[in-house]
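Taking it in order: structure first as structure tokens, then the write-up.
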Amino acid sequence: MKTEPIRWSGGPAGTLHLIDQTLLPLEFAELDFGAGDLARVFEAIRKLRVRGAPAIGISAAYGVCVGVQHLLETADKEIFLKTAQETIDYLRTSRPTAVNLFWALEQMENLTRELAETLPAEDFSGLAAGERLLAEAKKIHEDDRRLCAKIGEYGAEALDNRLGILTHCNAGALATGGDGTALAVIYKMAEMGKKVHVYADETRPLLQGARLTAWELTRRNIPVTLICDNMAGQVMREGRIQAVIVGADRIASNGDTANKIGTYSVACLAAMHDIPFYVAAPTTTFDLAIQDGSEIPIEQRDPAEITHGFGRRTAPEGIGVYNPAFDVTPARLIRGIITENGVISPVNRENVLRVCQDR
């Protein structure tokens, strides 16, 4: 059964629907957003009710449509476009690391500039402008579905006969507009009749692997075994793992990759055991403006995620906490980056730029 974490119903005055991923796997519930709900969209992104770099970008694009819904009946071009820009600027501050957020909002911003230049003030219609914004958000969503499908195809070929696969965090349908990035590869392999068995890291501190990846794979009838993060090395040593595949939140121009905290440790273990380590991500996840991973901003999250795991105190009062949400895996540890334009291998600046030139 496929999962659709993001959907829009109706026209410009319609509704954004998001699966509340903080409730999974115990409860399946959708959140609905309409006029006046911009702050709730922001909160949904910030609090990980929607998460995964591509899904964050898509949700933010739809969030712009939500932010202007109260002006669909206006004929005041200046007020409408000013509000659209303020909405874009506001959503940009929701999370700092996932570059897809900024990419999607840049597409919406480019459209507002086009509207400013091409729509005469005397004939301006808030409804017509809202329709254009919604069409752009839907295009971003549909494009991501297409990218996921291509990533799955290229990855299934790259991982031929890699039957035991370790994942970290969640890079499936819940994290994207399609079948995912890393999990799209696994779904495609299964579709081709390959007997894939997935080992899913639980992914502390918020357990995206246990709560989300295991839930997704089970719904799609993919064999999956859940392990604690600190078991990965032992499972590799036992010969159960033939490849590792993860997603990404931002990739530097040299191929250094930021992904959920713990990914770097998995990459080091994979190198130690001579297991190929792959990243799966669309070219929209590449930030070609930065030279290497040292320039990627790393989000610091609430200490309570560690001291009060899911509401229960598990650490002494007053303890110091360091809680980075992401780490950076250097390009030298990555066998290949699977994109919708093919697999980047070896991973270096020249190959990154070649594959990303037509994005």
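General remarks:
- The average projected area of region 153-356, computed from the convex hull of its Cα atoms over all directions, is 11.4 nm².
- Phi angles of region 306-313 translate, via the Karplus equation with coefficients 6.51, -1.76, 1.60 and θ = phi - 60°, into HN-Hα couplings of 9, 7, 10, x, 6, x, 10, 5 Hz per residue; Gly and Pro are given as x.
- Exposed loop sites were defined as GluC sites (Glu not before Pro) in DSSP loop states (anything but H, G, I, E or B) carrying at most 13 other C-beta atoms within 10 Å; in the chain the longest segment without such a site runs 74-237.
- For region 48-88, the equivalent ellipsoid built from the Cα gyration tensor has semi-axes of 25, 9, 6 Å, listed from largest to smallest.
- Put simply, the amide H of residue 326, placed in the peptide plane, has neighbours under 5 Å in 261, 299, leaving out anything fewer than 5 places away on its chain.
- If the convex hull is drawn through the Cα atoms of region 211-285, its volume per residue in Å³: 111 Å³
- Largest-first principal axis extents, alpha carbons of the chain, Å: 71, 51, 39
- Efficiency of FRET from Cβ geometry, residue 312 and residue 153, R₀ 45 Å, rounded to 0.05: 0.55
- Counted over region 6-147 with a bin width of 5 Å, the fraction of Cα pairs per bin, in whole percents, is 2, 11, 22, 24, 20, 12, 6, 3, 1, 0, 0.
- Inter-label distance for residue 195 and residue 294, nm, one decimal - labels placed 7 Å from Cα along Cα-to-Cβ: 4.8 nm
- In region 125-241, one over the average inverse separation of all distinct C-alpha pairs is 15.3 Å, which is the Kirkwood hydrodynamic radius.
- Annotation for region 98-131 versus region 280-359: alpha-carbon center distance of 30 Å.
- Spin-label pair residue 230/residue 22, simplified geometry with 7 Å Cα→Cβ offset, distance in nm: 2.8 nm
- Helical runs (DSSP H, four residues minimum) scored at -39500 (n - 2.57) apiece and divided by the length of the chain put the mean residue ellipticity at 222 nm at -12000 deg cm²/dmol.
- Extents of region 77-161, taken as max minus min of Cα coordinates on every principal axis and listed largest first, are 62, 26, 17 Å.
Quick note: the coordinates plus some simple rules give every number you see, no bench work behind them. Since we're looking at a predicted model, the values are computed, not measured. Note: ideal-geometry Cβ built from the backbone for every residue, glycine included; neighbour counts use all protein chains shown.
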